[in-house]
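Each remark here refers to the structure printed beneath this line.
The values are calculated or read from the model by the stated rules, or taken from the named source; none is laboratory data. This structure is a prediction, so every number in the text was calculated from the model and none was measured. Heads up, the Cβs are rebuilt from the backbone with ideal geometry, glycines too, and the neighbour counts pull from every protein chain shown. Just the protein is used for accessible areas: all its heavy atoms, side chains included, with ligands, DNA and RNA removed. Shrake-Rupley method; radii C 1.70, N 1.55, O 1.52, S 1.80 Å.
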Number of protein chains: 2
Amino acid sequence: MSKQQRAERTRQTLILAAAEVFDADGFAPSSLTTISTRAGVSNGALHFHFVSKNALAEAVGDHAMASLRQIARPREAGQGRSLQLLVDTTHALAFRLGDDVILRAGFGLSSDATWKGATDLRQYWVDWVGDVLTGAAAEGALAEGVAVEDAKAVIAATTVGFEAMGRSQPRWFSRQMFGKFWGLLLPRLARADALGSLKPDGSPGLVAALPL
Amino acid sequence: MSKQQRAERTRQTLILAAAEVFDADGFAPSSLTTISTRAGVSNGALHFHFVSKNALAEAVGDHAMASLRQIARPREAGQGRSLQLLVDTTHALAFRLGDDVILRAGFGLSSDATWKGATDLRQYWVDWVGDVLTGAAAEGALAEGVAVEDAKAVIAATTVGFEAMGRSQPRWFSRQMFGKFWGLLLPRLARADALGSLKPDGSPGLVAALPL
């Protein structure tokens, strides 16, 4: 392993350790010493990679945002099946929130009053939900009388709520919970003739990929 | 004003100042000096009333819980009109969250990883929503195929999400936002013949009491 590879590995180890500490304790009370100890790295090495706790949190936020952008990809117009994409993506996000401490810490930083960083995962997610619902409306997939803005607010708030509840009770990240949510909401949201083909528990491909 | 009245007033001032500081900065980074300065009280007087920051947070949590129990009162069986009560109570709670920093700080403490106190406003709220939905089911007010547990999870998560979003964007505490939520959800939740009498924006008496 080259010196450069070792440095990159140390950097990744520090980001993971920081995410674990932020996720458990929040941003403000977390100390750089706790993080470097958990990473098995000296304080000097930590400071070589990150000038401050803020810089470390920015790196956690950037990594988390990159993961979120993989899960909820920017939409292209005319892709079709927007509602099922929305359902599948909430399931994938919930699963990853339970599984990926960097993603969870990134969402946590978005809602942490003591952290004033640049990345805002919650806002990206709310905007993404709005884009997909706009796509669903253009496809004529929404039931009559359902306004995109209203559905966006409800779905965004619910997913943020699941994320907040999941921090203390991981069952909120399960596919059952989001399946219940979609089972309740889809009959109201989707046009009746589109409803039959929608899977509240996620598409077959997704179901195979994610454990219950 | 007697000495006892003055002491009680100082105590209330300290609780309010602590709620303001916790609400703005979170529990962990808030210092007792910031709180006593904001309250216009000496550090000595603060310590006379509260032995620690924990004790002060417990007092904030107790006050907030008392407010929440006023807004979402324990239910008696057979009261009737459970769904409208649920709608009205979410509106009242949202309004009070925008208005009452002690209530907001109490909810914030419930979700603050750095605070391990006894009061848990979120859990009380989730349980209350479940009780009222159980009442609605007993009244035969729920639409066919709607399970109390599913509706409880969705409504609890959504309201927690609105509360979390409202911390950075106060419009989430507005009656319009919860009106949209109920406008979307009620047609799915309520039995068709009960739907006409339900007001997603709140009962007339409530509407008169709360500004939009």
List pairs: first in segment A:38-58 and without any contact (Cβ under 8 Å) to a residue 24 or more places away in the chain, second acidic (Asp, Glu), Cβ under 8 Å, 6+ apart or cross-chain?
A:ARG38/A:GLU20
Looking at (1) more than 27 Å from B:LEU109 (Cβ to Cβ); (2) among the small types (Gly, Ala, Ser); (3) open to solvent by less than 40 Å² (accessible area, probe 1.4 Å), which one does A:SER2 not meet, given that it meets all the others?
(3)
Please pick out the residue among B:PRO200, B:PRO170 that is within 30 Å of B:ASP23 (Cα to Cα) and either outside the structural domain of B:ARG96 (by TED's automatic domain parsing) or modelled with pLDDT of 90 or more (or both).
B:PRO200
With at pLDDT 85 or above, in the same structural domain as B:ASP88 (by TED's automatic domain parsing) and closer than 18 Å to B:PHE107 by Cα as the only criterion, which of B:ALA156, B:ALA143 stands out?
B:ALA156
For segment A:88-104 the number of residues that are modelled with pLDDT of 95 or more and open to solvent by less than 10 Å² (accessible area, probe 1.4 Å) is 1
Can you confirm whether A:ALA151 is touching a helix residue (DSSP H, G or I) at 6+ places or on another chain (Cβ under 9 Å) and farther than 30 Å from A:VAL21 by Cα?
yes
If we scan segment A:130-139, do we find a residue that is at the interface with another protein chain (Cβ under 10 Å from one of its Cβ atoms) and modelled with pLDDT of 85 or more?
no
Only listed residue being outside the structural domain of B:GLY179 (by TED's automatic domain parsing) and touching a helix residue (DSSP H, G or I) at 6+ places or on another chain (Cβ under 6 Å), chosen from B:HIS91, B:HIS49
B:HIS49
Among the residues of segment A:135-167, the number that are open to solvent by less than 10 Å² (accessible area, probe 1.4 Å) and in contact with a strand residue (DSSP E or B) (Cβ under 7 Å, 6 or more places away or on another chain) is 1
Hey, does segment B:185-201 have a residue that's facing chain A (nearest Cβ under 7 Å), without any contact (Cβ under 8 Å) to a residue 12 or more places away in the chain and open to solvent by less than 10 Å² (accessible area, probe 1.4 Å)?
no
How about segment B:79-131: which of its residues are of a type in the set (Gly, Ala, Ser), touching an Asp or Glu at 6+ places or on another chain (Cβ under 9 Å) and in a helix (DSSP H, G or I)?
B:SER82, B:ALA94, B:ALA105, B:GLY106, B:GLY108, B:SER110, B:GLY130
Identity of the residue in segment A:140-159, free of Cβ contacts under 8 Å to residues at least 24 places away in the same chain and among the small types (Gly, Ala, Ser), that ends up nearest to the other protein chains (Cβ to nearest Cβ)
A:ALA157
Which residues, counting only those in segment A:36-78, are part of a loop (DSSP other than H, G, I, E, B), within 27 Å of A:ALA194 (Cα to Cα) and not basic (Lys, Arg)?
A:ALA72, A:PRO74, A:GLU76, A:ALA77, A:GLY78
Which of the residues spanning segment B:15-61 are among the β-branched types (Val, Ile, Thr), within 14 Å of chain A (Cβ to nearest Cβ) and open to solvent by 40 Å² or more (accessible area, probe 1.4 Å)?
B:THR34
Evaluate the following for A:PHE27: is it aromatic (Phe, Trp, Tyr), in contact (Cβ under 8 Å) with a residue 60 or more places away in the chain and either in a loop (DSSP other than H, G, I, E, B) or assigned by TED's automatic domain parsing to the domain that holds A:ALA137 (or both)?
yes
Among (1) open to solvent by less than 50 Å² (accessible area, probe 1.4 Å); (2) within 24 Å of the chain's Cα centre (by Cα); (3) outside the structural domain of A:GLN123 (by TED's automatic domain parsing), A:ALA64 falls short only on (3)
Of the numbered conditions (1) within 11 Å of chain A (Cβ to nearest Cβ); (2) under 17 Å from A:VAL126 (Cβ atoms); (3) open to solvent by 10 Å² or more (accessible area, probe 1.4 Å), B:PHE173 fails exactly one; give the number of that condition.
(1)
Considering only segment B:117-134, how many residues are small (Gly, Ala, Ser) and either open to solvent by 20 Å² or more (accessible area, probe 1.4 Å) or at positive phi (or both)?
2
